[in-house]
1. Which whole-number percentage describes the relative contact order of the chain, with Cα contacts under 8 Å and a sequence gap of 6 or more?
2. Using θ = phi - 60° and the Karplus form 6.51 cos²θ - 1.76 cosθ + 1.60, what ³J(HN,Hα) does each residue of region 19-35 get, whole Hz, x for Gly and Pro?
3. Sort Val16, Val94, Val128 by Cβ crowding within 10 Å, fewest neighbours at the top.
4. What's the angle, to the nearest 10 degrees (0 to 90), between helix 121-142's Cα axis and the longest principal axis of the chain?
5. Specify the angular offset, from 0 to 90 degrees and rounded to the nearest 10, of the alpha carbon long axis of helix 95-112 from the longest principal axis of the alpha carbons in the chain.
6. Report the Cα centroid-to-centroid distance between region 89-143 and region 30-72 in angstrom, as an integer.
7. Distance from a point 7 Å along Cα→Cβ of His147 to each backbone N in region 89-108: keep the residues under 15 Å and list them by number.
8. Could you tell me the convex hull volume per residue, in Å³, taken over the Cα atoms of the chain?
Amino acid sequence: MQTVQQSKAHWSLRDVIFLAIIAIFFGIIYQLWSYMYYVLAATPLKPFANDATIGVWLMAGPMAGVVLKKIGATFLGEILASVVEMLLFSSWGVSTLLAGAIQGLGSELGFTFTGYKNWGKTGLALSVVTSTIVTFAWDLFSNGYLHYNFMMLVGLFSVRLISIGFFAGVLVDWIKRLLDRTGLLK
């Protein structure tokens, strides 16, 4: 378990390059993933489309956090990926940046609650929980979720937690372990 004190407190050129690579890679994935959202939104599953697909849109932040192990890397990774997505003519336009900021804040909180001392499964698990809560709270007001009945809200929250848990938790951990095996991050 590496802590902030054990890692470099400053951002090196290598850190900035890794952050840029993560942002560009996930920004492209985010833009392509929007088509999956539209496919689901065109079916009777439309109310669940956002919650079922949101996990992918939360991967850049945790990936940047677990790779760079720096305060703010999670937030910056998510924001920069949303910038790339927006520049690729995202159908959501500039609101993509606001969504990225909210998602980045939610993801960053999980690592904050560990005191930036756990960049592994515990930090990722907390990041999943905090990003689920923060993004769901945002959608209560911004996307009209307040108009749904309680059981629908429970269903939406559960689907969101599973999506974020799988993509921004399990899949990010799996990718990080694969990167560790390559030795690329050393």
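Derivation of every value follows stated rules applied to the coordinates shown; laboratory data play no part. Worth saying up front: this structure is predicted, and the values here are computed from it rather than measured. Positions of Cβ are generated from backbone atoms using ideal geometry, with glycine treated the same way; all protein chains shown enter the neighbour counts.
1. Numbers: 264 pairs, mean separation 47.8, N = 186.
Dividing the mean separation by the residue count of the chain yields 26 percent.
2. Taking θ as phi minus 60°, the curve returns 4, 5, 4, 4, 5, 5, 4, 6, x, 5, 4, 4, 5, 5, 5, 4, 5 Hz for region 19-35.
3. Working: Val16 12, Val94 9, Val128 27.
Arranged by neighbour count, lowest to highest, Val16, Val94, Val128 become Val94, Val16, Val128.
4. 40
5. Relative to the chain, helix 95-112 is tipped by roughly 50 degrees.
6. 11
7. The answer is none, because no backbone nitrogen lies closer than 15 Å to the label point.
8. Working: hull volume 20.2 nm³, N = 186.
So the per-residue Cα hull volume is 109 Å³.
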